[in-house]
Amino acid sequence: MAEILAAGEALERALTLLQGGDVVAIPTETVYGLAGDATNGIGVACIFEAKGRPRFNPLIAHVADMAMAERIAVFDPLSRKLALAFWPGPLTLVLPQRPGNGIHPLVTAGLDTIALRMPRGFGGDLIAKLGRPLAAPSANSSGKISATTAQAVAADLGARIKLVVDGGATPVGLESTIVKAEDGRLRLLRPGGIAAGEIETQIGMEMLRGGGAGVEAPGMLASHYAPGAAVRLNAGTVGKDEALLAFGSQRAEGWHHAAAFLNLSETGDLREAASNLFAYMQQLDRSGAPTIAVEKVPFEGLGEAINDRLSRAAAPRDNTQPKT
Ligand code: TXA
Ligand code: MG
């Protein structure tokens, strides 16, 4: 069972776990978050594993200060104005990533944008101490509602995580508002803890609505990463021009002819495979091979989310949409 520690005495223990690539449930002003080091792929894979999420949707990266935020993302004037007005607080900004920012691609599900927020309270102190951003979705198992007390987190995830930091009931009680700047306008992607009207007053114009409705369903994100190459699943053989994305120790027939080759996990470790998935697909895509053959990945544990992502990559493309 997870240990529950009061926020006042949990900092060192939380730091040790995060530095070891583990996850910690932490209070924020909105809801409890299940946090892992956003630069550590295994830590981020553990978040998905503990939540039992059947797919990899992009997570919010939490920062301690503006300097950390600017190292991760490129701010336009509108987004910077909102950050200065509302951070720390329940506002999340979707921004272009700064290349080389060290954020693990599993955090953003391979997108070139990132959702950033600066939380109030314990989370902020923890991130400042760690010196690295924390990826954190709401601390509830997949399909359940967000937890607003440490007891609710422990009842739901207690068997799967080591530490819940108790900061009392979260003051806001619902998730952050998510917005994204688009050519000088602002789009509301998810209503939340800061009222849309408050944001509109701050920027002196109305926000765009809609188009973000599918944001919870990553397959509906228009810009979601899909490789340029065709993707062929459950490959038992490899064609001459094909790149091979392998898994485990058993090789598909003809693998040594593959145009390019990467193994998600030599030892068949699904956490390792999850943490390598987006980067390896992108790398094999860049090899220029017209097809990426993918070996079978088992469906257990994180395998479900890995297979979900792979089958989206393999699905027929809608050629009427420009590829982004
Ligand atoms: O208050 C909150 O926001 C809480 C606390 C823990 O910070 N976190 C939270 O995270 O609600 P989560 O993972 O449950 O929701 C994150 C939302 C998802 O709807 C996801 O699709 C969206 O953020 N998102 C993340 N990155 C995105 C991106 N690059 N573009 C568009 N949407 C993104
Ligand atoms: Mg959630």
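Below is a table of values for the structure above.
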{"item": "Charge dipole (the chain, unit charges on Cβ, about Cα centre) - positive-most of GLY123, ASN234, MET207", "result": "MET207"}
{"item": "Helix-only mean residue ellipticity at 222 nm for the chain, each DSSP H run of n ≥ 4 adding -39500 (n - 2.57), per residue, nearest 500", "result": "-8500 deg cm²/dmol"}
{"item": "Residue-span extension gain [ALA85 to GLU200] - 0.36 nm each, minus C-alpha spacing", "result": "40.2 nm"}
{"item": "Tilt relative to the chain, helix 41-51 - C-alpha long axis, 0 to 90 degrees, to 10", "result": "70"}
{"item": "Convex hull volume per residue in cubic angstrom - Cα atoms of the chain", "result": "126"}
{"item": "Table column - 3J(HN,Hα) (Hz), the range 246-252, Karplus curve with 6.51, -1.76, 1.60, x for Gly and Pro", "result": "9, 8, x, 9, 7, 9, 5"}
{"item": "Positive minus negative residues near ALA252 (Lys, Arg vs Asp, Glu; Cβ under 15 Å)", "result": "-1"}
{"item": "Folded to 0 to 90 degrees: helix 303-314 orientation relative to the chain principal axis, Cα", "result": "70"}
{"item": "Cβ-based exposure ranking for SER79, SER275, in which fewest neighbours within 10 Å come first", "result": "SER79, SER275"}
{"item": "Dipole-positive endmost among GLY303, THR267, ALA289 within the range 230-314 (Cβ charges, Cα centre)", "result": "ALA289"}
{"item": "Degrees between helix 270-286 axis and first principal axis of the chain (Cα, 0 to 90, nearest 10)", "result": "70"}
{"item": "Surrounding net charge for ASP65, when Lys and Arg each add one and Asp and Glu each subtract one, Cβ distance under 14 Å", "result": "+4"}
{"item": "Residues with amide H under 5 Å from that of ILE194, placed H, sequence gap 5 or more", "result": "THR177"}
{"item": "Gain in span if fully extended, ARG71 to ASN101, counting 0.36 nm per residue against the direct Cα distance", "result": "10.2 nm"}
{"item": "Distant-in-sequence amide H partners of GLY268 (H built 1.01 Å from N, under 5 Å)", "result": "GLY248"}
{"item": "Lysine pairs with alpha-carbon atoms under 30 Å apart, the range 3-209, spacing 8 or more or separate chains", "result": "10"}
{"item": "Amide H within-cut-off set for LEU186, under 5 Å, with H built and near neighbours excluded", "result": "LEU208"}
{"item": "Net lengthening on full extension, LEU174/SER142 (0.36 nm per residue, minus Cα-Cα)", "result": "9.9 nm"}
{"item": "Near-label residues of the range 57-86 by backbone N, under 12 Å of a point 7 Å along Cα→Cβ of ARG312", "result": "57-59"}
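Here, each number is a calculation from the coordinates, and none is a lab measurement. Given the structure is predicted, the values throughout are model-derived calculations rather than measurements. Positions of Cβ are generated from backbone atoms using ideal geometry, with glycine treated the same way; all protein chains shown enter the neighbour counts.
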